[in-house]
Amino acid sequence: MQNSDSVKVPILLVTANVGSLFEDVKNLLSGWIREIQQKIAALGHPKFIAFHFQEIGGKFPQAASESIHQITKQLLGSQVLSDYTAVVGYFDQDYKNDEKFTALGALFLVHKSLKNIAIWNYADGRFEKIKQGRQIFMHDLDSLETLEKLKYPKKFFPQMKWSRKGYLKTKWMISGIIVNLINIHLFHDPSNLVSMESSPSVYAGYRRNAFEYVLHGLDQDPDPTFVFGDFNFRLDQFKFLKMVSKHCSVKTTFKDGEEEPSKLVVAEKKHPEKVRLVVEPSKFCLDHQRVLENNAAKLHKFDKEPQAFKKWLYEFPVEFLPTYPFKEDVEVTKPLYLEKRCPSWCDRVLLSHNTKEIIMDKHLAKYELNGLNTCMGDHKPVSLYLFVAGNEIFSQDPQNVIDPGNSCLMLETSV
């Protein structure tokens, strides 16, 4: 898709699970904003920035509106972002609608130097020019024509509580290049012990079914696609346990009258007092710092879930620490993990294979974890910075451009 007229258009894609940020805006927001603004400045102010948020409002979505205003005001109100003169935001605040509420959000920033920018109108089948100024939508997103949003139907939650997981999709024309941007939030692992029972885990199977439900739409959509969000991908803990328990004894404890185990303890055979791992449904006690600082690459070999989607998606090399679960302590100045889940690469930026065709200078791409030494909540934001092959002399009026792709991802909620 690149030709002699192609020019580099720098874009920045950021995914951030902000559940814990919303639960402690007073203490976490300033550090979160500072890290994001420093990232944007350090990259020389990319011409297009897309934020994908998950868990808007955290445990208290009914009180999220004020925090959304506070976050967007502080993020956009700085001198660092003063040249982003067009802003479009979507924040799902319909928390009373159990059938549709996803707690997803997206925020798109357009630099004043980017002249050819438009968003797809799914109802009219045309692109619309982006207006100058700020357009922030917070209610009844399902009625909007410039995005698709879905909460996963109950059938994807066998033996699990029906939660607000789903996806949000927009389509953009950036300097003549058309891209889909999909924000996705997949299911977590409710029990660490259940996660260890098989390879892959039953939860990985649930995630795969739900994700493939979305990805099958890409087979009919020819446009390059970025999928970035909280995939909740976890390590293959069945195989991880085998590694940790080598030359060790594994003791499983059951509560009276219960068939499911309540606790698992791995200790060295010759030195039983040396405990390597303690696992309970919501507890995962491992010497995380030692394992991650000395053996992060060894840990990453258990990051198996993305391999199931190689048919559809590509990922730049992952060379950063697991993105979850970090301690939520503003006094901590180094990365420490909570002892509740096995550290995993939950937050990712993936792309369809044909997206590689529009990327220029792939060696300049930066795929990174952000705010390593700043408390930003239990998840660290992950970003992908790269150059797409735009055409600055692209002069067609976006309102008169018909997209060659199809709207394939609006799924029926009645299934």
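Write down the accessible area per residue of the chain in Å², having rolled a 1.4 Å probe over the full set of protein chains.
I get 44 Å² per residue for this part.
What does the charge add up to near residue 320, with Lys and Arg as +1, Asp and Glu as -1, over the other residues with Cβ less than 9 Å from its Cβ? Please report the intermediate quantities before stating the final value.
Details: positive: 380; negative: 319, 368.
Around residue 320, the surrounding residues sum to -1.
The mean sequence distance of close C-alpha pairs (under 8 Å, at least 6 residues apart), as a share of the length of region 223-351, puts its relative contact order at 34 percent. Rolled with a 1.4 Å probe across the full set of protein chains, the surface gives residue 316 an accessible area near 20 Å². Near residue 187, once Lys and Arg are set to +1 and Asp and Glu to -1 for all other residues with Cβ below 11 Å from its Cβ, the sum equals +4. Ignoring ligands, DNA and RNA, what percent of the 1.4 Å accessible area of region 180-219 is carbon and sulfur? C and S atoms contribute 53 percent here.
Relative to the longest principal axis of the Cα atoms of the chain, helix 64-76 runs at roughly 60 degrees.
Starting from a Cα-only point model with no solvent, please compute log10 I(q)/I(0) by Debye for the chain at q = 0.09, 0.10, 0.13, 0.14 1/Å. Normalising to I(0) and taking log10 leaves -0.56, -0.68, -1.15, -1.32. The figure for residue 345 is an accessible area of roughly 10 square angstrom, using a 1.4 Å probe on the protein chains alone. For the residues 5, 221, a 1.4 Å probe over the protein chains yields an accessible-area ranking, largest first, of 5, 221.
Quick check: net charge around residue 200, other residues with Cβ under 13 Å of its Cβ, Lys/Arg +1 and Asp/Glu -1?
Values: positive: 207, 208, 234, 239, 304; negative: 189, 197, 236, 303, 305.
Net charge in that neighbourhood comes out at 0.
Annotation for region 259-282 versus region 163-231: alpha-carbon center distance of 33 Å. Calculated mean residue ellipticity, 222 nm, the chain: -5500 deg cm²/dmol, from DSSP H runs (n ≥ 4) at -39500 (n - 2.57) each, averaged per residue and rounded to 500. For region 85-137, treating each Cα as an identical point scatterer without solvent, what Debye log10 I(q)/I(0) comes out at q = 0.18, 0.25, 0.29, 0.30 1/Å? So the normalised log intensities are -0.71, -1.00, -1.10, -1.12. With the charge dipole of the chain set up from +1 on Lys and Arg Cβ and -1 on Asp and Glu Cβ about the Cα centre, the Cα lying farthest toward the positive end among the listed residues 51, 30, 299 is that of 299.
Within region 183-299, antiparallel bridges make up roughly 95 percent of the DSSP beta bridges whose residues both belong there. Around the amide H of residue 121, modelled in the peptide plane, lie the amide H atoms of 126, 127, 128, all under 5 Å away and 5 or more residues distant in sequence or on another chain.
For residue 66, the accessible area of its heavy atoms, probed at 1.4 Å with every protein chain present, is near 140 square angstrom. Mean silhouette area of region 186-341, derived from the convex hull of its C-alpha atoms and averaged over all directions, reads 11.8 nm². Overall, the accessible surface of region 258-379 at a probe of 1.4 angstrom is composed of carbon and sulfur to the extent of 48 percent.
The values are calculated or read from the model by the stated rules, or taken from the named source; none is laboratory data. Since we're looking at a predicted model, the values are computed, not measured. Virtual Cβ from ideal backbone geometry, glycine too; neighbours counted across all protein chains shown. These accessible areas exclude ligands, DNA and RNA; they are computed on the full protein's heavy atoms, side chains included. Shrake-Rupley method; radii C 1.70, N 1.55, O 1.52, S 1.80 Å.
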